[in-house]
1. Calculate I(q)/I(0) for the chain by the Debye formula, one identical point scatterer on each C-alpha and no solvent, and give its log10 at q = 0.11, 0.12, 0.17, 0.18 Å⁻¹ to two decimals.
2. Work out, step by step, the length gained on full extension between ARG137 and ARG64: first 0.36 nm times the residue separation, then minus their alpha carbon distance; give nm to one decimal.
3. Taking the Cα-to-Cβ direction at ARG154 and at ARG27 and moving 7 Å from each Cα, how far apart do the two end points lie in nm?
4. What does the charge count near HIS110 come to, summing +1 for each Lys or Arg and -1 for each Asp or Glu among other residues with Cβ under 14 Å from its Cβ?
5. Per DSSP H run of n ≥ 4, the term is -39500 (n - 2.57); total these for the chain, divide by its residue number, and report the mean residue ellipticity at 222 nm rounded to 500 deg cm²/dmol.
6. Quick one: if the Förster radius is 30 Å, what FRET efficiency do ASP168 and GLU78 give, using the C-beta to C-beta distance and rounding to 0.05?
7. Averaged across orientations, what area in nm² does the convex hull of the alpha carbons in the range 67-183 project?
8. With only alpha-carbon atoms in the gyration tensor, what are the semi-axes of the equivalent ellipsoid for the range 51-125, in Å, largest first?
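All of the numbers you see were taken from the coordinates with simple rules; none came from a lab. Bear in mind that the values here come from a model prediction, so they are computed numbers and not experimental data. Virtual Cβ from ideal backbone geometry, glycine too; neighbours counted across all protein chains shown.
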Amino acid sequence: MSATLPVAVFASGGGTNLQALLDYEARGARYRVVLVVSDRADAGALERARSAGRAAVHVPVRERDASDVARDTLRALETHGVQAVFLAGYLRLVPAEVVEAFPGRMLNVHPALLPAFGGQGMYGRRVHEAVVAAGARVSGVTVHFVDEHYDTGRIFAQWPVPVRPDDDAERLAARVLAVEHRLYPAAADHLAAALLRGEPPRPFTPAGDFFTLGADPPRFTPTRDP
């Protein structure tokens, strides 16, 4: 399969998951990041995009009507021929009009095993603090389709990360992020491959993939779709 799917990445922060997507792309992914969108003009993700030679667009959200945000976002996506969207640390609710324009084509990554520890305001360190405070023995990473609410879309892929007895939020966050950087690009590639074939995307559970959970960071061997 020689074609690649043009995709956009939405990010609010430094863009480490964006970088993971770009690194995976360089190894022969079925997607190509053609556009990075951020709600923050100073987001590090935009600079990563420019450094990689990708289009970078700031779409302000604060104190704006959702319909205006949707209009500007859809215009940018259409201009660049985007066919799927990957949220990578994007901390805003995507307008319903944008979600509706990409049914089954918009993914998000969350640093816990949804539906636990999700919802509005649950992002970054807050998630890991809540996991540790709850005494949970397992956390993990969830890749899910985006809908009109926070963290409620259909789950596409998950992988567990053990919570160790001596963990604090910072240590747990580091191990979870290492898994995000491995699972999310592979799941994105799996979705892109299905879309290029014109098939409904199946959950990302290919035989032969594994994490060695005791490793730090976890080791992950991906098995690509044919």
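1. Each listed q maps to, in turn, -0.51, -0.61, -1.26, -1.40.
2. On the way: separation 73, 0.36 × 73 = 26.28 nm, distance 4.10 nm.
Contour length minus the Cα-Cα distance gives 22.2 nm.
3. In this crude spin-label approximation the distance works out to 2.8 nm.
4. Values: positive: ARG125, ARG126, ARG154; negative: ASP147, ASP151, GLU180.
It works out to a net charge of 0.
5. Taking each H run of at least 4 residues, the total per residue is -11000 deg cm²/dmol.
6. 0.10
7. Across all orientations, the range 67-183 yields a mean hull projection of 7.1 nm².
8. 22, 15, 14
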